[in-house]
Structures are given as C-alpha cells and as structure tokens.
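One structure is given below, encoded as structure tokens.
Just so it is clear, none of the values below were taken in a lab; they were calculated from the coordinates. Remember, predicted model here, so these are calculated numbers, not experimental data. For neighbour counting, all protein chains shown are included, and Cβ atoms are generated from backbone atoms with ideal geometry for every residue, glycine included.
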Amino acid sequence: MRERAGYIMDYQTTDAVTAGVPVVVGNVVGIPNVTTEKSTEPVLLALTTEGVFELPKDTGAIEQGAKVYLTAEKHIVATAEGNTYAGVAWSAAAEADATVMVKINA
C-alpha cells in the first residue's frame, strides 16, 4: 500500500507547471515545488495542499482573515464570483501590494 502525507497530493499533468504557482485540482489548490515543461507524457508531481504561501495578488485590498479566491490568471482576489476558493488571507494586503500571504484550503 502506498502512503502519502495528508498535505501532499500526487498530481499527473502534461501541462507546463511553475514552482510556487498554484494549481487547481477539482476544488483543491496545490502548490508545486518544481517547474516542468509541457509534455506529451504525463509527469507526476507532488502538490502541497496545506500551509501559508506568498501568492500574487490582483488589484484591490484584502483584509486579514478574509476568504480569498484564485483567478484564472493565478492571482488572489477577495471576489468569489467566477473564481476558485483558495483559502484565507493570513495577513492584510493593501491595494498596491503585489502579493498576499494565504493559508491555502483553510
């Protein structure tokens, strides 16, 4: 039997993946720790699904503790409509901030 820590998700893809850039698998956000090229054969990656990560933020301020969402462009916003739930803002981010600390899948 194969066992895996509860915060690591195996993920197979043929798409290019960039380390530190969120990946959505169903309703789960994962953070890869490696970069891969687009491939014709599936590549097996380990995605971290728990923890606090500094992620790129779209425009708009975000309050500490607010629910946050991932856009199709892989930016964090406070708007649910049309976006994927990512977690909660671990720290506040001002309008001009380029990033925000997010506890994913919280």
Show which aspartates and glutamates lie in cross-link reach of residue 74 when reach means a straight Cα distance below 12 angstrom and same-chain residues fewer than eight apart are skipped.
58
First select every other residue whose beta carbon is under 12 angstrom from the beta carbon of residue 43; then total the charges, Lys and Arg +1, Asp and Glu -1.
-3
Cut-off 19 Å, label point 7 angstrom out along Cα-to-Cβ of residue 80: give me the residues of the stretch 11-54 whose amide nitrogen falls inside.
26-29
Can you give me the relative contact order of the chain as a percent, contacts being Cα pairs under 8 Å and 6 or more apart?
24
With charges set only on the Cβ (+1 for Lys and Arg, -1 for Asp and Glu), what does the dipole of the stretch 1-68 come to about its Cα centre, in debye to the nearest 20?
80
